[in-house]
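The block underneath contains the structure these notes are about, expressed in C-alpha cells.
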Amino acid sequence: MSLTGECFCGDVTYRIDGILTDARSCHCSRCRKAFSAQASAYALVEHDEFSWTSGEQLLTAYVGEQGFGLQFCSKCGSTLCGVFDGRIHGVTLGCVNGNPEIEIGQHIFVGSKATWEILPDGITAYEEGPFPTS
Ligand SMILES: [Zn+2]
Ligand SMILES: [Zn+2]
C-alpha cells in the first residue's frame with residue numbers, strides 16, 4: 001500500500017510505502033495543545049517505509065519530554081509527524097491524503113477531555129490509557 005500526505009500549504013509532502021497501524025486519539029490536555037484541537041489523531045508508521053517527497057527543509061521540530069517530538073511545517077503550521085530518537089514514529093491523520101484504510105481504534109484519556117467536547121456515540125473510549133484492546 002502507498003499513501004501520501006501533506007501540510008495545509010502543500011509545500012511539505014511525504015509518501016508511505018506501507019500501512020498505518022494503531023490509529024488512536026488522545027484527549028488529554030497536552031495533546032489538545034500539541035494538535036490545536038479537541039484531541040490528537042495519530043497513527044504509527046514504520047520509519048523505513050516513510051519518506052519526505054518535498055519541503056523537508058521547511059520542517060521544524062519541537063521535542064518535548066522523553067525525547068518524543070513533533071515536526072511541523074514552518075510556513076503553514078500543520079503538524080505532520082511524530083519523531084522519537086530522531087526517527088519517524090507516526091503521522092497525524094489530519095495530514096494524510098485520501099483514505100488510509102484505518103480507523104481510530106481507541107480514544108484515550110477521555111476522562112480529561114475538554115469541557116466543550118461532546119464525545120460521539122459508538123467509540124471505544126478509555127478514561128485514561130493507553131490500554132491494550134481486548
Ligand atoms: Zn505547510
Ligand atoms: Zn495525550
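Tabulated results
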read-out: Top-ranked residue in the range 21-60 [being closer than 16 Å to residue 87 by Cβ and in a loop (DSSP other than H, G, I, E, B); ranked as nearest to ligand 1 (Cβ to nearest atom)]; value: 45
read-out: Considering residues of the range 61-86 that are out of contact with any strand residue (DSSP E or B) (no Cβ under 9 Å at 6 or more places or on another chain) and at negative phi only, the residue nearest to ligand 2 (Cβ to nearest atom); value: 65
read-out: Enumeration of residues in the range 65-101 that are over 20 Å from residue 7 (Cβ atoms) and either in a loop (DSSP other than H, G, I, E, B) or within 15 Å of ligand 1 (Cβ to nearest atom) (or both); value: 85, 86, 101
read-out: Options 58, 3, 44: the member that is more than 16 Å from ligand 2 (Cβ to nearest atom), farther than 20 Å from residue 74 by Cβ, aliphatic (A, V, I, L, M) and at pLDDT 95 or above; value: 3
read-out: Which numbered condition residue 63 misses (of (1) aliphatic (A, V, I, L, M); (2) exposed (fewer than 14 other Cβ atoms within 10 Å of the Cβ); (3) out of contact with any Leu (no Cβ under 9 Å at 6 or more places or on another chain)); value: (3)
read-out: Residues satisfying the stated conditions in the range 5-20, i.e. aliphatic (A, V, I, L, M), in a strand (DSSP E or B) and within 16 Å of ligand 1 (Cβ to nearest atom); value: none
read-out: Test result for residue 32, within 16 Å of ligand 2 (Cβ to nearest atom) and among the basic types (Lys, Arg); value: yes
read-out: Options 53, 115, 21: the member that is over 18 Å from residue 4 (Cα atoms) and away from ligand 2 (no atom under 16 Å from the Cβ); value: 115
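The values are calculated or read from the model by the stated rules, or taken from the named source; none is laboratory data. Worth saying up front: this structure is predicted, and the values here are computed from it rather than measured. When we count neighbours, we look across all protein chains shown, and the Cβ atoms used for this are built from the backbone with ideal geometry, even at glycine.
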